[in-house]
Amino acid sequence: MLPATTMNITRTLMAAAVIGGAPFLISNLQRGEKISFAVAEGSSVTKSFTTSITSSLDDMQMLMNGEENAMMPSIEMDMEVTSTVKVTDTYGAIADGRPSKLSRKFEEIGMGIDMEMAIEMMGDTQDEAMEGSGESELEGKTVEFTWDKDAGEYVVQFAEDENGDKELLEGLTEDMSLRGLLPKSEVAEGDTWEIDMANLVIIMAPGGDLGLEVDMDDEAGMMGGGPDPEMMSDFSALLGGEIDGEFTGKLMSVREVDGNRIAVIEIVVEIDTKADLIDMALEQMDQEELPEGMEMDVTMMDVEFAYEAKGELLWNLTKGHVAGFELKGETAMAMEMAMEMSGMMEMTMEMSMEMSGELGYSITVE
């Protein structure tokens, strides 16, 4: 048996080791993080959203009356579409994870389109370059979203001192916060969670239908020999059908930036979608100028869209809102369309296109 003095010294040293090591042990424990949307009432956040799409035409086939057309030209096409939206959101009280009232000023809304086409027919090649832009009457306007608990939806209206076309309010969505990408419960570093596919539209069509009016400096679209750029960049429609795949978040780390705790979240998207765009195609056809005496009816427009991307979401845990976001990946799109012509001639046309490219999305916060 150890002498009493030796035993007392041993106990003292063990106690000192445990007490002295406690901070080290505690600092290495993984505590769950509650990542939530929790902005302070009356606070304002200015966010800029940028979406950039580049696409190339990989293949295009056309049948007339069920047969290949020997006069069908060979078409090469590259398209780039960039859209920007800048808003300032001022928040009322937050209840059940959403603002009960939100005032949104649309600071900037715009779209830029660049297309280059090379059309080869009977040994001759014609190069065409087209540019376009999009604007919205919502730019500069302030819109208010008020949550109606009984109806389970937002009432949308212009601010009291604002005048505007009420039809522009019909397609707007309140959620430009990206709160749907957050985990439902506490998470530790390395934890992953599934994200509802409905949030893809919130990412790719920020703010909803902003009533963009697109003006091209030359003819482009179904009658111009290629896909309509406005149609091919309308993600609220492209993602409105069946969606299969993976959409996940993963907490990578939490770091200090300018006195704020910032959660770094990895976002992974791997999806395949199918959508019926017949209504959009009919609306587009109504805008086409056909030769006098000719009538054309679109009978089918099906689009398949695939997207594989990885990105990083930054979430300000201190202030309870998004701090930044970057997402970029590869796209593939296949479109099948059928039309019937009458008047000057009777004919059926079937067209198929395959396109591929890149899609990037970002948010900056002031």
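The values are calculated or read from the model by the stated rules, or taken from the named source; none is laboratory data. Bear in mind the structure is a predicted one, so any value in this text is a computation, not a measurement. Here the Cβ positions follow ideal geometry from the backbone for every residue, glycine too, while neighbour counts run over all protein chains shown.
Observations
- Test: residue in region 69-78 that is of a type in the set (Ser, Thr, Tyr) and modelled with pLDDT of 90 or more: no
- Count of residues meeting criterion [among the aliphatic types (A, V, I, L, M) and at pLDDT 95 or above] in region 258-278: 7
- Listed conditions (1) touching an Asp or Glu at 6+ places or on another chain (Cβ under 8 Å); (2) modelled with pLDDT under 95; (3) hydroxyl-bearing (Ser, Thr, Tyr) are all met by Thr125, apart from (1).
- Filter result (acidic (Asp, Glu) and modelled with pLDDT of 80 or more) within region 177-232: Glu186, Glu189, Asp191, Glu194, Asp196, Asp209, Glu213, Asp215
- Of all residues in region 13-65 being modelled with pLDDT under 85 and of a type outside the set (A, V, I, L, M, F, W, C), the one that is farthest from Leu181 (Cα to Cα): Gly20
- Any chance Ile243 is crowded, with 21+ Cβ neighbours inside 10 Å and either modelled with pLDDT under 90 or of a type in the set (Val, Ile, Thr) (or both): no
- Filtered residue count, region 293-323, keeping only those that are part of a loop (DSSP other than H, G, I, E, B) and over 30 Å from Thr90 (Cα atoms): 2
- Applying the set (1) surrounded by fewer than 16 Cβ atoms within 10 Å (Cβ to Cβ); (2) closer than 28 Å to Met197 by Cα to Gly329 leaves exactly one unmet item: (1).
- In this structure, Leu178 does satisfy being surrounded by 14 or more Cβ atoms within 10 Å (Cβ to Cβ) and at positive phi.
- Each residue in region 60-113 was checked for being at positive phi and either of a type in the set (D, E, K, R) or surrounded by 19 or more Cβ atoms within 10 Å (Cβ to Cβ) (or both), and 1 of them qualify.
- Subset of region 37-73 [more than 17 Å from Ala332 (Cα to Cα) and part of a strand (DSSP E or B)]: Ser44, Val45, Thr46, Lys47, Ser48, Phe49, Thr50, Met62, Leu63, Met64, Glu67, Glu68
- Scanning region 184-194 for residues that are closer than 23 Å to Ala95 by Cα and surrounded by fewer than 21 Cβ atoms within 10 Å (Cβ to Cβ) gives Lys184, Ser185, Glu186.
- Hits in region 338-359 - residues which are in a strand (DSSP E or B) and of a type in the set (Asp, Glu): Glu340, Glu350, Glu354, Glu358
- Meets criteria (within 21 Å of the chain's Cα centre (by Cα) and part of a loop (DSSP other than H, G, I, E, B)) for Leu210: yes
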